[in-house]
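> Mind having a look at this structure? Questions to follow.
The values are calculated or read from the model by the stated rules, or taken from the named source; none is laboratory data. Quantities reported herein were computed from a predicted structural model and do not represent experimental measurements. In this analysis, Cβ positions are derived from the backbone assuming ideal geometry, glycine residues included, and neighbour counts consider all displayed protein chains. In case anyone asks, the SASA skips ligands and DNA or RNA and just uses the protein heavy atoms, side chains included. Shrake-Rupley method; radii C 1.70, N 1.55, O 1.52, S 1.80 Å.
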Amino acid sequence: MSTDDDDVNAATKTREARRGRGVDDRFNSKLREAFGSTPFILTKFDQFMNWVRGSSMFMLQFGIACCSIEMMHTYAVKHDLDRFGAGVPRASPRQADVIVVPGTVVSKFAPRMKRIYDQMPEPKFVVSMGSCTVSGGPFQQGYNVVKGAEEVIPVDIHVPGCPPRPEALVYGVAKLQERITNGESSPVTVKPYELEQFGDLERDEVVEQLAEEIDEDTLVMRYDWAGSP
Amino acid sequence: MSTDRPDDSESESESEPEPDGDVEREAAVPETDPEVQRARAPATRGVDPDRLERLLGDAVLRRDDQINADAAFEVRPDAVQDSLETLKRRAGFDHLSCVTAQEYADRYESIYHLKKYADPTQEVSIVVPTSRRDPTSESAEPVFRTADWHEREAYDLVGVEYEDHPDLRRILLPETWQGHPLSRDYDRDRPQIVTLDEHANPLKEDHEAEADDSTMFVNIGPHHPATHGVLHLKTTLDGEQVADVEPDIGYLHRCEEQMAQLGTYRHQIMPYPDRWDYVSAGLLNEWAYARAVEDMADVEVPDYAQVIRTMSAELCRIAAHMLAVGTFALDVYGDFTAIFMYAVRDRERVQNLLEDLTGQRLMFNYFRVGGVVWDLPEDRQAYVETVRDFLEELPQALEEYHDLLTGNEIFQLRCVDTGVLPPETAKEYGATGPVARGSGVDYDLRRDDPYGYYDELDWDVVTEDGCDNYARVLVRLREVEQSARIVEQCVDLLEGWPAADREVQANVPRTLKPEKDAEVYRAVEAAKGELGVYMRSDGTDKPARFKVRSPCFSNLQTLPELAEGEYVADLVASLGSLDIVLGEVDR
Ligand code: SF4
């Protein structure tokens, strides 16, 4: 036996000793072996958490308009977003951490979308998909169309296109993962359109007119079309 | 084109390679003789305007020559029900295809476009003018159930009021909206307030209801995996059974009609139809607009372009039906199962073909007024071969669907005899497409009101008599086979087409300005059914009124009929089998 072999044997023994008894053999990964006799890594907790967050994202199963068709294709065979650790659609917002907003947001839907966003647990991230969610897209001049998802909720990544190809969405999600790993997210600020209680609105002509119809404590969203881009 | 009959009453002439199709547009065609010339008079097509006028009696204010229907009558606002009743019972006009409302400088107008299920080339329009001060006319709902939603929409967007309507409130816009956006004096800059209502609290409703019975109120949607988009179903359950269901729509109302009215006929409108029914059915929708505008401006589409149109449109239909089947499996089995993945796989193949042809996967924008934008891609032969490869493998794929779905006992248990829609009810609601054909209503505009190249090809209209969820799925799967047949024949034609004769676009002027007050209503068979477009010109290069008759809008109206009394799980299946797409319902 050479000395080299002795060293190796000693190292193996140390590793096995440190691993302790009782751990099933099946848990011994190759990666673990690569660490050799020091089964510890040193990193910042936050960094580690962000890496974990980015590598395992639960998407909200959420379709609005045309873009959601391409989003479905991104989840399904061929493009298979799951390969990137981001493909399990959850039907409930309470189980999801990423919401892809795939389509035109209109006045009747925006309060509901805000509510869905609010129901997601922190930390949460938003990918806005398609020109509609960037600016209103082809429907920007519509009397009923909110000029972009960012008027209502904070958006981390915009994926432009009408509709963006699945490859583009995959790229957008990959970029989001990068941002999350780096601990970046878009700031939560007051948006042009927020849910407020009707009673809290400034009393002007429009509000007066509806005072009969709407309760003081009903949640409302007020759209100032003239001021929107 | 003449003022009194701006649009030929027959189907779009350019689509008809037969002699009598040619006769319609050009007297210069050699085989035109007075006999055939007379054949274009509406009377010989089974509609006799004089007889109808006698039937309608003194309800008629005047005959209206602007609309392209065989006959159009202006009737008194208080005689709407009588007139429609007469036409329905005594003249056989059993299909209220569309209701269009619009505002002129001096009056409001509601137009009821009537057709016959037995022969949709027979059309009558009932025009109801009302004054600007009091825009009230009689509701058509007691005669045609489908008028319910159509009139609500007219009220919502234009502001016409209907007397006798069971439930006249907004349908697309939020209930607190102020003003009617398609009326002339609408102020677009006015702030609007939209509520997030508490009535949507299911528990509250529950406790309220407890006193008398054991019903429970459930909101399904607007964000729900089973609603295929942003649809809201207000559902009242009695145990597991659906006691009442009311679809609440408008969560994707993105002003399609307004957008079209802002665009020029020649170039700017065509991209929008792609976004009505967006499940890859874009070309079928583009055709609806193309057909209407070509009829209006009297444009003749070259045969070669018609073949390309027919082929690409049928590819779209295959893709659309695939998605319908895949998501239906998703609804019934409740997860992303193999069927969904298979459907997406096959869609990817179709989308590749369409992308090669049009340059886009989903929003093709490939049709142009008078043809298509470009020819098949180079290398032609390779493209043709790819299409053939796809067609060759399609039967095997369909076999798989039948194995997994229609032949599956569990699936049959879920779908056979649930969501029953009797043919008479289907007609009452103006249902068309696979929904009507699954109820045994033999109605397909590709055959009954031919356009494109369909009447030159050999294919069958698929119907099933089951009237249930199962029948509707079966119709779609079988229609895929028929579409494949059509595509196959088109590919053969395209391959053999002489190179010198490959004209993809007619010569159309740079700006189209149809004559002032010309009106047109034309429909095609889209993936979901009869997709119609109404346009009125004011002499400029943009339409003064653009109205979309969406098949899903009418089909979705049947949901309460399908679901009430059934289990809530079957409600989900019924909704899936109607195959609605919200972009088209809400427009
Ligand atoms: S961006 Fe284009 S494809 Fe996407 S929802 Fe808007 S219109 Fe549809």
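> Go through segment A:146-162 and report how many residues are open to solvent by 10 Å² or more (accessible area, probe 1.4 Å) and either within 11 Å of the ligand (Cβ to nearest atom) or outside any loop (DSSP other than H, G, I, E, B) (or both).
Adding up the residues that qualify gives 7.
> Moving to a separate point now. Please go through segment A:74-93 and pick out each residue that is within 10 Å of chain B (Cβ to nearest Cβ) and among the aliphatic types (A, V, I, L, M).
Scanning segment A:74-93 gives A:Ala76, A:Val77, A:Val88, A:Ala91.
> Can you confirm whether B:Pro174 is at pLDDT 85 or above and surrounded by 16 or more Cβ atoms within 10 Å (Cβ to Cβ)? Steps first, answer last, please.
Details: at pLDDT 85 or above: yes; surrounded by 16 or more Cβ atoms within 10 Å (Cβ to Cβ): yes.
Yes; evaluated as a whole, the condition is true for this residue.
> Turning to a different aspect of this structure: Sort through B:Ala527, B:Ala499 and tell me the only one that's without any contact (Cβ under 8 Å) to a residue 40 or more places away in the chain and either buried (at least 19 other Cβ atoms within 10 Å of the Cβ) or over 18 Å from B:Asp346 (Cβ atoms) (or both). Step through it out loud before you land on a result.
On the way: B:Ala527 fails: without any contact (Cβ under 8 Å) to a residue 40 or more places away in the chain.
Of the residues listed, the single one that is without any contact (Cβ under 8 Å) to a residue 40 or more places away in the chain and either buried (at least 19 other Cβ atoms within 10 Å of the Cβ) or over 18 Å from B:Asp346 (Cβ atoms) (or both) is B:Ala499.
> While we're looking at this one, here's another question. From B:Tyr366, B:Tyr401, B:Tyr383, which residue is within 16 Å of the ligand (Cβ to nearest atom) and of a type in the set (Ser, Thr, Tyr)? Break it down stepwise before answering.
Working: B:Tyr401 fails: within 16 Å of the ligand (Cβ to nearest atom); B:Tyr383 fails: within 16 Å of the ligand (Cβ to nearest atom).
Just one listed residue meets the conditions, B:Tyr366.
> Out of curiosity, is A:Val106 among the hydrophobic types (A, V, I, L, M, F, W, C), within 16 Å of the ligand (Cβ to nearest atom) and either surrounded by fewer than 20 Cβ atoms within 10 Å (Cβ to Cβ) or farther than 25 Å from B:Ala343 by Cβ (or both)? Steps first, answer last, please.
Values: among the hydrophobic types (A, V, I, L, M, F, W, C): yes; within 16 Å of the ligand (Cβ to nearest atom): yes; either surrounded by fewer than 20 Cβ atoms within 10 Å (Cβ to Cβ) or farther than 25 Å from B:Ala343 by Cβ (or both): yes.
Taking the combined requirement at face value, the residue satisfies it.
> Residues in segment B:421-430: is at least one open to solvent by 10 Å² or more (accessible area, probe 1.4 Å) and at positive phi?
Looking through segment B:421-430, none of the residues is open to solvent by 10 Å² or more (accessible area, probe 1.4 Å) and at positive phi.
> Going residue by residue through segment B:542-562, is there one that turns out to be within 16 Å of the ligand (Cβ to nearest atom), surrounded by fewer than 24 Cβ atoms within 10 Å (Cβ to Cβ) and within 21 Å of B:Gly282 (Cα to Cα)?
For segment B:542-562, residues within 16 Å of the ligand (Cβ to nearest atom), surrounded by fewer than 24 Cβ atoms within 10 Å (Cβ to Cβ) and within 21 Å of B:Gly282 (Cα to Cα): present.
Condition check ((1) within 14 Å of another protein chain (Cβ to nearest Cβ); (2) closer than 23 Å to B:Ile318 by Cα) across all residues:
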position	(1), (2)
B:Cys255	yes, no
B:Met259	yes, no
B:Asp274	yes, yes
B:Tyr278	yes, yes
B:Asn285	yes, yes
B:Ala292	no, no
B:Ala305	no, yes
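> Limited to segment A:72-103, what total is found for residues that are under 14 Å from the mean Cα position of the chain (by Cα) and within 16 Å of the ligand (Cβ to nearest atom)?
The qualifying residues number 4.
> I'd like to check something: does segment A:165-179 contain any residue that is over 17 Å from the mean Cα position of the chain (by Cα) and either part of a helix (DSSP H, G or I) or surrounded by fewer than 22 Cβ atoms within 10 Å (Cβ to Cβ) (or both)?
Looking for residues that are over 17 Å from the mean Cα position of the chain (by Cα) and either part of a helix (DSSP H, G or I) or surrounded by fewer than 22 Cβ atoms within 10 Å (Cβ to Cβ) (or both), one finds at least one in segment A:165-179, hence yes.
> Could you say which residue among B:Tyr453, B:Tyr366 is open to solvent by less than 60 Å² (accessible area, probe 1.4 Å) and at pLDDT below 90?
Working: B:Tyr366 fails: at pLDDT below 90.
The unique qualifying residue is B:Tyr453.
> Is it true that B:Glu300 is without any contact (Cβ under 8 Å) to a residue 40 or more places away in the chain and more than 14 Å from every other protein chain (Cβ to nearest Cβ)? Please lay out each step first, then the result.
Values: without any contact (Cβ under 8 Å) to a residue 40 or more places away in the chain: no; more than 14 Å from every other protein chain (Cβ to nearest Cβ): yes.
Spelling it out, it is not the case that B:Glu300 is without any contact (Cβ under 8 Å) to a residue 40 or more places away in the chain and more than 14 Å from every other protein chain (Cβ to nearest Cβ).
> Separate question: Could you check segment B:488-587 for helices (runs of 4 or more DSSP H) lying wholly inside it with 3 or more residues that are more than 14 Å from every other protein chain (Cβ to nearest Cβ) and more than 17 Å from the chain's Cα centre (by Cα)?
Numbers: elements: B:551-556, B:559-563, B:568-578, B:582-586.
Output list reads B:559-563, B:568-578.
> Mind listing whichever residues of segment A:109-129 are free of Cβ contacts under 8 Å to residues at least 24 places away in the same chain and either surrounded by 20 or more Cβ atoms within 10 Å (Cβ to Cβ) or on the phi > 0 side of the Ramachandran plot (or both)?
A:Arg112 - this is the single residue of segment A:109-129 that is free of Cβ contacts under 8 Å to residues at least 24 places away in the same chain and either surrounded by 20 or more Cβ atoms within 10 Å (Cβ to Cβ) or on the phi > 0 side of the Ramachandran plot (or both).
> For segment B:136-149, does any single residue satisfy the condition of being open to solvent by less than 10 Å² (accessible area, probe 1.4 Å), among the charged types (D, E, K, R) and in a helix (DSSP H, G or I)? Full working, then the answer.
Going residue by residue through segment B:136-149, those that are open to solvent by less than 10 Å² (accessible area, probe 1.4 Å) are B:137, B:139-140, B:143-144, B:146-147.
Narrowing the set further to residues that are among the charged types (D, E, K, R) leaves none.
No - not one qualifying residue is present in segment B:136-149.
> May I pose another question? Looking at segment A:130-145, which of its residues are in contact (Cβ under 8 Å) with a residue 24 or more places away in the chain and either at the interface with chain B (Cβ under 10 Å from one of its Cβ atoms) or away from the ligand (no atom under 12 Å from the Cβ) (or both)? Walk me through how you get there before you give the answer.
Going through segment A:130-145, the residues in contact (Cβ under 8 Å) with a residue 24 or more places away in the chain turn out to be A:130-139, A:142-145.
Within segment A:130-145, A:Cys132, A:Gly136, A:Gly137, A:Pro138, A:Phe139, A:Gly142, A:Tyr143, A:Asn144, A:Val145 qualify.
> If you scan segment A:186-206, which residues turn out to be touching a strand residue (DSSP E or B) at 6+ places or on another chain (Cβ under 7 Å) and facing chain B (nearest Cβ under 9 Å)?
Answer for segment A:186-206, where residues must be touching a strand residue (DSSP E or B) at 6+ places or on another chain (Cβ under 7 Å) and facing chain B (nearest Cβ under 9 Å): A:Leu195, A:Phe198, A:Leu201, A:Val206.
> I'd like to check something: does segment A:52-59 contain any residue that is closer than 27 Å to B:His180 by Cα and buried (at least 21 other Cβ atoms within 10 Å of the Cβ)? Spell out the reasoning first.
The first filter runs over segment A:52-59 and keeps only residues closer than 27 Å to B:His180 by Cα, leaving none.
Within segment A:52-59 (the criterion being closer than 27 Å to B:His180 by Cα and buried (at least 21 other Cβ atoms within 10 Å of the Cβ)), the answer is no, since none of the residues qualifies.
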